[in-house]
1. Tell me, what is the FRET efficiency for Arg84 and Val45 to the nearest 0.05, using R0 = 35 angstrom and their Cβ-Cβ distance as r?
2. Can you tell me which of 87-97, 34-44 comes out highest on packing, and rank the rest after it, using the mean Cβ neighbours within 10 Å?
3. Within 10 Å of each residue's Cβ, count the other Cβ atoms and sort Glu100, Glu126 from fewest upward.
4. With the contact rule set at Cα under 8 Å and sequence spacing of 6 or more, what percent relative contact order holds for segment 72-144?
Amino acid sequence: MPKVQAATASAGRTGRGRRVSTSLSEINVVPLVDVMLVLLIIFMVTAPMIQRGIDVNLPVARRAAPVTGERIFVSIPLAYRQNRQIFFNDERIGVDVLGERIKQKMENQTDKQVYLRGDAGVSYQELMDVFGRLKDAGVEKVGLVAKLPGER
């Protein structure tokens, strides 16, 4: 409801007898937008730092091609000797269930390709053990992942 203010002495000269003022009932969204933009920038900066992968010290190769697209990775960490645990993408599983997990993942894929990442300290026999299990599960192509000499 508008508020009516009484006319003052100076208002008589201008011809206005009464002045009507309305209260501002709109929400000011500028501070809200400012806060949201600051939060967006904070999340954009911190999101890449939060993501953490599996620590595998890959061997160095002079000619390594980068892997593109969605691929299935099997990683053999250095602790494979003690606990017989490997990583299927980012999930830690026992080596005994690897064949079944690969069959489930590849039952509707035409390109049956898996990339095998082994720590540099893993022996050749351990790498071939996992390689054989992949072949027994029906994998047609097994790619060995290496890194270039300058890569981290």
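Any read-out appearing in this document is the output of simple, stated calculations on the displayed coordinates, not a laboratory observation. Predicted model, so just to flag it, every value in this text is computed and none were measured. Using ideal geometry, Cβ is built from the backbone for each residue, glycine included, and neighbour counts are taken over all protein chains shown.
1. Details: r = 40 Å, r/R0 = 1.13.
Taking R0 as 35 Å, the efficiency between Arg84 and Val45 is 0.30.
2. Numbers: 87-97: 12.9, 34-44: 10.0.
For the peptides 87-97, 34-44, the packing ranking is 87-97, 34-44.
3. Working: Glu100 11, Glu126 19.
Fewest-to-most ranking of Glu100, Glu126: Glu100, Glu126.
4. On the way: 100 pairs, mean separation 26.8, N = 73.
For segment 72-144, the relative contact order is 37 percent.
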